[in-house]
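Have a look at the structure below, then the notes.
Derivation of every value follows stated rules applied to the coordinates shown; laboratory data play no part. Note that this is a predicted model, so its numbers are computed, not measured. Please note: Cβ atoms are built from the backbone with ideal geometry, for glycine as well, and neighbour counts cover all protein chains shown.
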Amino acid sequence: MIKKSLPILIVLGLFVTLLSVSATSINDSKNINARNARAACQVKANADRHVALDIARQNLLASSRTKADWIDYKNARKEANFDFKMAKNECKNIRGNSSPTPTPSVTPTPTPSSHTISFEASGTSLNGVYPIVTLNLGSTVLGTWQITDNLQTYQVNTSANINSNNLRVIFTNDGYDPSVGGADRNLKVTRLVLNNRTFHTTDSGVFATGVFNTTTNSCTSGFLQSQWIHCAGYFEFPTITSPTPTP
C-alpha cells in the first residue's frame, strides 16, 4: 500500500511546487510592472512641473514686473509645485498587473556619438562685468562662459542626446544702473551651429525672451528675430529633428 501511494505523493508534491513557483513569478511580474509604471509616472510629473515653471517664468519676463505680476508668478509656482506633489502621490498608488501593456517599438533616427555646438556672441558690460551665458540642453548645462565686447565663437562638444530638447543660450546676469549714465549689461548672439546646421537668431523659428520693446517700454518674448537680449532671458533654437519615417 505504501509503495503504491508513493508515486502519487511525489506527483502531488511536484504539483504544489509548480503552483508555488507560478504564484511567485506572477507576483514578481506584478512588482516589476508596478515599479516601472511608478517610475514613468514620476518622470512625467516632473516634466509637467518644469513646463509649468518655465511658462510662469516666461510670462513674468514678458510682463511689466509690477507687484501684481510678481504675485501671479509666485502663485503659478505654488500651483505647479502643488500639482507635482499631488501627481507624485498618485504615482505611489500605482499597482502593477500580470499582463503589462506592450510598449510600441520605435526606430530612432541614428545620431552621431559626439556633437559639436558653437555660438557667436558679444555683450556690453555693467561695472566692468560682462554677460554670463550658459548653453543648455533642457535642464542640462553644457557649458558656461563670460562674454566679452568682441564678437567671438564659443564651442563645446557633447555626447548627450541632442534630440531630447531644443538648445538654449541663456543670459543669466542682466543688469542696469541709471546712476552711472544708464549703463546696461546686454547680450548679443548672432548664430548657433550644431554639427553642420546653422541657426541665426534672426531666423523666424528662433524663440527669444528678454528682448526690449520700445513701444511698451518693457521686455517681451516671442519669435522676434532679434540678435539682442536686454533682460534676463534666452534664445531657443529649433534644433530637434523629427525621426525619419520607416518605409
Original post:
How do R95, R38 line up, fewest other C-beta atoms within 10 Å first?
Top reply: R95, R38
**OP:** Could you give me the radius of gyration and the Dmax of the range 186-247, taking only the C-alpha atoms into account and expressing both in angstrom?
**Re:** 14.0, 52
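Report the full-extension gain for the segment N165 to T140: residue separation times 0.36 nm, less the Cα-Cα distance, to one decimal in nm. Don't jump to the answer; show the numbers that get you there.
Values: separation 25, 0.36 × 25 = 9.00 nm, distance 0.98 nm.
Contour length minus the Cα-Cα distance gives 8.0 nm.
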Original post:
Taking the Cβ-Cβ separation of N46 and K74 as r and a Förster radius of 22 Å, what is the calculated FRET efficiency to the nearest 0.05?
Top reply: 0.60
Original post:
Listing E120, E236 from the residue with the fewest other Cβ atoms within 10 Å to the one with the most, what is the order?
Top reply: E120, E236
Subject >> Residues R95 and N196, FRET efficiency given R0 of 41 Å [Cβ-Cβ distance, rounded to 0.05] >> reply: 0.25
Original post:
Listing L137, L53 from the residue with the fewest other Cβ atoms within 10 Å to the one with the most, what is the order?
Top reply: L53, L137
Original post:
Given that compact globular proteins tend to follow 2.2 N^0.38 Å, what is the ratio of the alpha-carbon Rg of the range 115-237 to that value?
Top reply: 1.04
Subject >> Selection from L135, T158, W228 lying farthest towards where the dipole of the range 115-237 points positive, charges on Cβ >> reply: T158
